[in-house]
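A short write-up of the structure that comes next.
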Amino acid sequence: MTDESDSSDSQGDAARAKKATKKKTATKKKTAARKKTAARKKTATKKTTKKKSTRVERPYPRVELQEAVKVPLAIRQKNGGNPWSPELIASAVGCAKGNPLYYLTAASRAFGLTEGTRDSDSISLTDLGRRLAYAASPEEEQQTRRDAFYKIEIFRKVIEHYDGSELPEMKYLQNTLEDNFGLDPSIHEEFADLFRKNCEYVGITEGSIESPSEQNGKTQQSSNVRVTGVAGADFVTVAEPEEDTGLMCFVAMPFSERYDEHPKGFFSEVLKQIIAPAGRKAGFRVVTARKQGSDVIHATIVNGLLDADLVVVDLTEHNPNVLFELGMRMADDKPVALIRATGTKPIFDVDNMLRVEQYSPCLWPSTVEIDMPKVADHIRGAWDHRDNEQSYMKILRNKRETK
């Protein structure tokens with residue numbers, strides 16, 4: 001009996017020992033599995049961290065300035081210069097709404113032309129972007145492009161370092177870009193390509209390292225118009241006749257908008273789309289006062305009014321300064337051509353005695369196509385009949401003599 005009992009106990013101990021061994025083995029396997037999983041996660045985290053740490057930062061836009069300017073121009077042409085949604089801008093410029101739109105709008109922002117990007121509710125023009133979109137002359141537009149180019153600090157520094165836009169061969173350029181400007185070697189080729197293309201677009205060549213203000217001074221000097229008999233008068237030419245007639249037309253119009261019915265930049269657009277081409281078609285060199293300090297503007301306008309062959313006066317919004325300028329020209333009894341946007345209320349005496357040509361304030365291509373030739377005929381007619389038509393002052397003087 002004892003032997004059987006001892007044998008049974010031995011078998012039970014062996015079973016328990018075997019079971020315990022299996023449990024320990026399973027525990028070890030689970031522990032090993034957990035350690036292996038943890039190791040894999042740790043390795044994956046290291047790889048991710050390494051990948052993130054190697055992300056290259058670019059201190060310049062990845063899109064050329066020539067492409068970036070499409071954003072402010074679309075806002076002006078398609079939305080009257082008002083803030084616009086990124087989606088509609090994408091449609092206007094023909095850009096995909098994913099990363100391409102982000103890079104395009106980010107470049108426009110980096111160049112200082114607009115505020116907001118693809119992820120903003122709307123994108124709006126900055127002062128610089130508005131200057132570009134509503135440039136009154138090719139010279140002003142080109143200068144604004146250069147100002148945008150110099151907004152990128154590394155572009156300006158490279159220009160100064162190499163005394164212009166001419167870069168050395170890549171094997172010599174690489175050390176400078178990395179040591180002096182901190183550019184990662186992986187983007188050297190990309191940077192050099194963008195830099196050269198942007199320099200070509202804004203007209204910066206070898207040795208051209210003037211600051212924006214110095215270049216602006218040159219632009220002003222090159223586009224100054226000296227009116228006969230007026231020393232130092234500062235004007236900007238906005239149109240030239242196809243054939244040199246020797247005739248100059250001065251434009252007196254508001255510099256800025258006073259009422260909400262006309263969006264910001266409205267008068268710049270009227271000058272660019274209607275008055276300038278109309279004056280050109282009528283055979284005149286078209287000039288206007290350069291927007292500077294108030295004293296300079298006043299002296300410029302007075303001299304231009306008195307010495308120009310013809311003055312075009314825009315009566316829209318009944319701007320007090322413009323009406324004062326019209327009075328000075330009339331007092332000098334010289335020819336004027338009066339225009340105004342449709343919807344402008346008439347001015348007593350002026351409307352009763354003088355013809356005023358109207359144009360549509362919509363400034364749609366279809367309305368401009370109709371209005372520009374009408375304004376051109378009006379300007380030419382005012383000049384052709386300057387001697388055989390009764391002027392405002394002659395009418396008033398005749399009335400006084402008959403009393």
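Before moving on, here are some points about what is shown:
Quick grid of which residues meet (1) assigned to a helix (DSSP H, G or I); (2) within 23 Å of residue 372 (Cβ to Cβ); (3) out of contact with any Phe, Trp or Tyr (no Cβ under 8 Å at 6 or more places or on another chain); (4) modelled with pLDDT of 90 or more:
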| site | (1), (2), (3), (4) |
| --- | --- |
| 274 | yes, yes, no, yes |
| 279 | yes, yes, yes, yes |
| 288 | no, yes, no, no |
| 292 | no, no, yes, no |
| 296 | yes, no, yes, no |
| 306 | yes, no, yes, no |
| 313 | no, yes, yes, yes |
| 338 | no, yes, yes, yes |
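- Selection within the stretch 224-257: residues that are in a strand (DSSP E or B) and more than 13 Å from residue 282 (Cβ to Cβ). The member of this set that is modelled with the lowest pLDDT is 235.
- All positions within the stretch 367-401 that are of a type outside the set (Lys, Arg) and modelled with pLDDT under 90: 385, 387, 388, 389, 390, 391, 392, 393, 395, 396, 398, 401
- The residues listed here are 341, 331; of these, the one that is more than 20 Å from residue 286 (Cα to Cα) and in the same structural domain as residue 376 (by TED's automatic domain parsing) is 331.
- Looking across the stretch 356-367 at every residue that is within 14 Å of residue 80 (Cβ to Cβ) and part of a helix (DSSP H, G or I), the one that is farthest from the chain's Cα centre (by Cα) is identified as 367.
The values are calculated or read from the model by the stated rules, or taken from the named source; none is laboratory data. For clarity, every value in this text was computed on a predicted model and none was experimentally measured. Ideal geometry is used to build each Cβ from the backbone, glycine not excepted, and the neighbour counts take in all protein chains shown.
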